[in-house]
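Below is one structure, written out as structure tokens; comments come after it.
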Amino acid sequence: AQSVAQPEDQVNVAEGNPLTVKCTYSVSGNPYLFWYVQYPNRGLQFLLKYITGDNLVKGSYGFEAEFNKSQTSFHLKKPSALVSDSALYFCAVRVFSSGSARQLTFGSGTQLTVLP
Amino acid sequence: DAGVIQSPRHEVTEMGQEVTLRCKPISGHDYLFWYRQTMMRGLELLIYFNNNVPIDDSGMPEDRFSAKMPNASFSTLKIQPSEPRDSAVYFCASSLGPAQFFGPGTRLTVL
């Protein structure tokens with residue numbers, strides 16, 4: 001079984017400050033990890049993924065995430081938050097599979113609000 | 001490039017009616033997923049296809065729900081008969097590699 005936890009339902013940060021949105025995961029096997037963002041009344045947009053290689057992954061809109069195997073975490077970060085970053089953020093995981101299994105398990109989401 | 005296309009964007013219907021949601025995946029993608037999003041349950045995977053073949057439908061809530069993928073460029077999710085508790089946003093997503101790409105969703109309201 002695979003699972004994802006996003007411990008914070010809501011994160012508030014001042015514009016210009018660094019932001020972190022937390023994610024921890026549980027899988028049996030090597031994880032594929034993802035971050036998605038959802039703006040109001042829109043579908044989920046892919047931000048970044050970790051498959052293998054460097055633990056620090058860079059994605060769209062200046063976001064990055066750090067894979068930490070020992071802590072089973074994949075926190076999303078941005079050095080300087082913008083008001084336009086305010087949205088709902090989802091972490092997702094799936095286990096590597098050489099077969100046709102492709103299920104992503106999503107966290108419950110974290111609402112990020114960047115205050116001007 | 002066109003992303004995943006879903007129609008309709010909004011659907012309002014009465015309890016007991018049949019509802020059909022449609023999805024056109026990104027050209028060349030070999031996986032297609034149907035999700036449902038509600039405030040109470042979050043994002044749930046309903047069913048997914050690989051090369052038009054259903055792989056896992058364990059998330060389909062009950063027999064009132066069915067999904068088909070007659071070809072690589074089209075899929076439908078049907079609810080018959082619909083109930084108020086089916087009200088949600090239904091997303092279609094497609095993928096070729098590890099990342100899935102989502103459509104804009106269909107907001108379904110069953111009165």
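Listing for the model above:
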| quantity | calculated |
| --- | --- |
| Whichever lysines have a C-alpha closer than 26 Å to that of B:K68, once near sequence neighbours (fewer than 8 apart) are set aside | B:K24, B:K78 |
| Kirkwood-based Rg to Rh ratio, the protein assembly as shown, C-alpha trace | 0.97 |
| Chain B, relative contact order in percent, only Cα pairs under 8 angstrom and at least six apart counted | 38 percent |
| Label-point separation, A:A101 to B:R41 (7 Å along Cα→Cβ), nm | 2.2 nm |
| Diffusion coefficient, µm² s⁻¹, Stokes-Einstein with Kirkwood Rh over alpha-carbon pairs of chain B at 20 °C and 1.002 mPa s | 155 µm²/s |
| Equivalent ellipsoid, the range A:1-115 (semi-axes from 5 times Cα gyration tensor eigenvalues, Å) | 24, 14, 12 |
| Threshold 40 Å², the range B:72-111 residues less accessible with all protein chains present than alone (1.4 Å probe) | B:P98, B:A99, B:Q100, B:F102 |
| Residue-wise HN-Hα coupling along the range A:34-49, computed from phi with Karplus coefficients 6.51, -1.76, 1.60 (Hz; x: Gly, Pro) | 9, 10, 10, 10, 10, 8, x, 6, 10, x, 6, 10, 5, 9, 6, 9 |
| Mean separation of Cα contacts under 8 Å (6+ apart) over length of the range A:1-106, as relative contact order % | 35 percent |
| Volume of the Cα convex hull of the range B:42-84, divided per residue and given in Å³ | 88 Å³ |
| Among A:Y61, B:Y35, B:G103 the positive-end extreme of the charge dipole of the protein assembly as shown (Cβ point charges) | A:Y61 |
| Candidates per GluC sites (Glu not before Pro) in the range B:10-111, loop by DSSP, up to 12 other Cβ within 10 Å | B:E14, B:E18, B:E62 |
| 1.4 Å probe accessible area per residue over the protein assembly as shown, in Å² | 49 Å² |
| Carbon and sulfur %, accessible surface of chain A computed with the full protein complex present, 1.4 Å | 49 percent |
| Exposed trypsin sites (Lys or Arg not before Pro) absent - longest run of chain B, DSSP non-H/G/I/E/B, at most 15 other C-beta within 10 Å | B:65-111 |
| Distance in nm between pseudo-label sites at A:L82 and B:F74 (7 Å out along the Cβ direction from Cα) | 3.9 nm |
| Heavy-atom accessible area, 1.4 Å probe, ligands and nucleic acids excluded: residues of the range A:81-105 down by at least 10 Å² from chain alone | A:F90, A:R94, A:S100, A:R102, A:Q103, A:L104 |
| Fraction of accessible area attributable to carbon and sulfur, chain B (%, probe 1.4 Å) | 51 percent |
| Magnitude of the charge dipole, chain B, Cβ model with Lys/Arg +1 and Asp/Glu -1, debye to 20 | 220 debye |
| Of A:L48, A:V114, A:A14, farthest towards positive along the dipole that unit charges on Lys, Arg, Asp, Glu beta carbons give chain A | A:L48 |
| Local electrostatic count at A:L48 - Lys and Arg +1, Asp and Glu -1, tallied over other residues with Cβ under 13 Å | +1 |
| Within the range A:79-105, backbone nitrogen closer than 20 Å to the virtual label 7 Å beyond the Cα of A:Y39 toward Cβ | A:79-91 |
| Chain pair A, B: total accessible area buried, heavy atoms, 1.4 Å probe, Å² | 1500 Å² |
| 21 Å Cα-Cα reach of A:K22 towards lysines, excluding residues that sit fewer than 8 places from it in its own chain | A:K49, A:K58, A:K69, A:K77, A:K78 |
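The values are calculated or read from the model by the stated rules, or taken from the named source; none is laboratory data. Small disclaimer: the values here were computed from a predicted structure and weren't measured. Here the Cβ is made from the backbone with ideal geometry for all residues, glycine too, and neighbour counts use every protein chain on show. In case anyone asks, the SASA skips ligands and DNA or RNA and just uses the protein heavy atoms, side chains included. Shrake-Rupley method; radii C 1.70, N 1.55, O 1.52, S 1.80 Å.
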